[in-house]
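The values are calculated or read from the model by the stated rules, or taken from the named source; none is laboratory data. Because the structure is a prediction, the values reported are computed rather than measured. Here the Cβ positions follow ideal geometry from the backbone for every residue, glycine too, while neighbour counts run over all protein chains shown.
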Amino acid sequence: FMIAGGFLQNRLMTGFASKDKKAMEDAGKVTVESIQNIRTVVQLTKEDYFYEQYCSLLEIPYRSSIKRANLFGLFFSLSNSVMYFTLAALFRLGAYLVQHDKLTFEALLLCFNCIVFGAQSVGQTASMAPDYSKAVQAAEKILELLGRKPSIDNGSSDGDEIPNLSGDLEFVNVHFIYPNRPESIILKDFTLKIRAGQQVALVGASGCGKSTTIQLLERFYDANIGQLLVDSKDIRSLNLQWYRSQ
């Protein structure tokens, strides 16, 4: 019973920690974005909107913590009280066996020590369930990060070089969406031709894609659809180290 209680407690803590972590991350994103753009938020009088959005995201871990408290209390009390019930049963059974000469007193003490130390070890292990669940979540994030492969190899020296680079740029029907924001389309069928030496101003509201075009030019990202041409040559075919050094 003690092992089963500790195991269930551990599984519950791990499962709840995963859900709570995701909800807290979303709430943190709302907080960071609203604080970084506090002037815009105030100008648009959207303080109440972001406050309600933040509170709604915190409602998820709040409800989860209420449910978790009841279940955690049940299994915590189970895993920690079984030892004392076991001791009571052991003394009662041991007294009966010793009284009827079916067990020696030395053997009773041996069984008693084995059960006590075993129960204490299981109880201590079960008490570490919160730390274990946090460690599992952290390890998953680290392994996920280590397993990621960038779509653009920044250290690559493969590709073509343009001997006499003039600097003509052209966006051809470019579509782009940031990987971490798949629901927001930044550039849609964007076409622009810039001749060498020509001065061009990118004007628009925040989030319309002004800085994104520069990031595409520096090839921090690749367009999802369409082409970005440098002197009529696709930027993806160029030597990245050479291109960025120009």
**Request:** Assess whether residue 235 counts as being farther than 27 Å from residue 40 by Cβ and either of a type in the set (D, E, K, R) or modelled with pLDDT of 85 or more (or both).
**Result:** yes
**Asked** Looking at residue 93, is it farther than 24 Å from residue 181 by Cβ and part of a helix (DSSP H, G or I)?
**Response** yes
**Message:** When you scan segment 205-222, do you find a residue that is among the acidic types (Asp, Glu), modelled with pLDDT of 85 or more and assigned to a loop (DSSP other than H, G, I, E, B), even just one?
**Reply:** yes
**Asked** Which is without any contact (Cβ under 8 Å) to a residue 24 or more places away in the chain, out of contact with any Pro (no Cβ under 6 Å at 6 or more places or on another chain), on the phi > 0 side of the Ramachandran plot and not β-branched (Val, Ile, Thr), of 226, 207?
**Response** 207
**Item:** Residue list for segment 34-91, filter: within 29 Å of the chain's Cα centre (by Cα), within 30 Å of residue 113 (Cα to Cα) and in contact (Cβ under 8 Å) with a residue 60 or more places away in the chain
**Value:** 72, 75, 76
**Request:** Output the number of residues of segment 146-179 satisfying the condition of being of a type outside the set (D, E, K, R) and within 16 Å of residue 216 (Cα to Cα).
**Result:** 15
**Message:** Let me spell it out: the conditions are (1) in contact (Cβ under 8 Å) with a residue 12 or more places away in the chain; (2) surrounded by 13 or more Cβ atoms within 10 Å (Cβ to Cβ), and residue 153 meets all of them except one. Which number is the exception?
**Reply:** (2)
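Condition check ((1) modelled with pLDDT under 75; (2) surrounded by fewer than 14 Cβ atoms within 10 Å (Cβ to Cβ); (3) in the same structural domain as residue 221 (by TED's automatic domain parsing)) across all residues:
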site	(1), (2), (3)
84	no, yes, no
89	no, yes, no
97	no, no, no
107	no, yes, no
110	no, yes, no
113	no, yes, no
122	yes, no, no
136	no, no, no
141	no, yes, no
